[in-house]
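The values are calculated or read from the model by the stated rules, or taken from the named source; none is laboratory data. Values in this document were obtained by computation on a predicted structure and should not be read as measured data. Note: ideal-geometry Cβ built from the backbone for every residue, glycine included; neighbour counts use all protein chains shown. Ligands, DNA and RNA are stripped out before the accessible areas are found, and what is left, the full protein with its side chains, is counted by its heavy atoms. Shrake-Rupley method; radii C 1.70, N 1.55, O 1.52, S 1.80 Å.
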Amino acid sequence: MNTSAGRKPLKAIFFDFDGTLVNSEPLHFQMWQQVLAAYGVGLTVEQYKEHYAGVPTTLNAEDMVRRFALPVPQNVISDAKKSLTRAVVASAGFPLMPAVRDILAHFSGHDLKLGIVTGAARRNVDVTLRVHALHDYFSVIVSGEDISRNKPAPDCYLLAMAQLGITPAECLTFEDTESGVRAAASAGVACLAVPTPMSAHHDFSTAEGVFASLQEASAWVDTTFLTGTK
């Protein structure tokens, strides 16, 4: 496969899950509201954006117990949120972001390996992919259960690259949060940031670029790597 301007051949594209492939952040916010309401805490959207968007459940629970002086250990909060998430996902999976199906089909047509690199629970990913019939697009899925250190540590990306037998110069990724962008940068992987309304205020200074939508970011990949290839 040819590339432009001296860039190395692209072999794989990774995607974060929550907020990138699926429009799940509003649902996560509502579920956290429900969990905290049981302890008399009214979580605001501003608080969620500032402290919790794009952060793994366990880390959010630790912060919430401390920040709101909750009278229970963090695992109680974490387990309550995970239980709600399982119920939501089991009913219909998470809704896809716009144009996801078309984008996956397009990149697959260019002989690229596709992967999901996420801190989310593997079950939530698998159920959502099954509901939307997308599982066959992905050559590798790395979830929060597969690593000891979650984003912003680079472990998830290092594992995904090892499983595909590729180097950082041969892949890129899409992320929607500062934590994800930092994880990619620490692993040496070029990252295209596609913020959501929940993460628009994050620091994306280590990203290759910041884009208004997944479609816009995908068009950049086309222009930069795929023009004239098939």
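Tell me, please, whether a residue that is out of contact with any Cys (no Cβ under 9 Å at 6 or more places or on another chain), at pLDDT 95 or above, among the basic types (Lys, Arg) and open to solvent by 50 Å² or more (accessible area, probe 1.4 Å) can be found in region 103-120.
No, because not a single residue in region 103-120 is out of contact with any Cys (no Cβ under 9 Å at 6 or more places or on another chain), at pLDDT 95 or above, among the basic types (Lys, Arg) and open to solvent by 50 Å² or more (accessible area, probe 1.4 Å).
Quick grid of which residues meet (1) more than 16 Å from the chain's Cα centre (by Cα); (2) part of a helix (DSSP H, G or I):
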| position | (1), (2) |
| --- | --- |
| Glu145 | no, yes |
| Thr173 | no, no |
| Ala183 | no, yes |
| His201 | yes, no |
| Ala219 | yes, yes |
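Just wondering, is there one or more residues in region 73-88 that are of a type outside the set (Val, Ile, Thr), assigned to a loop (DSSP other than H, G, I, E, B) and loosely packed, with under 14 Cβ neighbours inside 10 Å?
yes
From the residues in region 189-199 that are outside any strand (DSSP E or B) and touching a strand residue (DSSP E or B) at 6+ places or on another chain (Cβ under 9 Å), which one is most open to solvent (accessible area, probe 1.4 Å)?
Applying the first criterion (outside any strand (DSSP E or B)) to region 189-199 yields 189, 194-199.
Adding the requirement that they be touching a strand residue (DSSP E or B) at 6+ places or on another chain (Cβ under 9 Å) leaves 189, 194-195, 199.
Working: Val189: 7, Val194: 16, Pro195: 33, Ser199: 1 Å².
Taking the candidates together, the pick is Pro195.
Given (1) open to solvent by 20 Å² or more (accessible area, probe 1.4 Å); (2) closer than 30 Å to Thr223 by Cα; (3) in a helix (DSSP H, G or I), where does Ser91 come up short, assuming only one miss?
Every condition holds for Ser91 apart from (2).
For region 21-66, what are the residues that are of a type in the set (S, T, N, Q), part of a helix (DSSP H, G or I) and farther than 16 Å from Ser78 by Cα?
Gln47, the sole residue that qualifies.
Quick one: in region 118-177, of everything that is among the small types (Gly, Ala, Ser) and without any contact (Cβ under 8 Å) to a residue 24 or more places away in the chain, which residue is nearest to Tyr52 (Cα to Cα)?
Ser148
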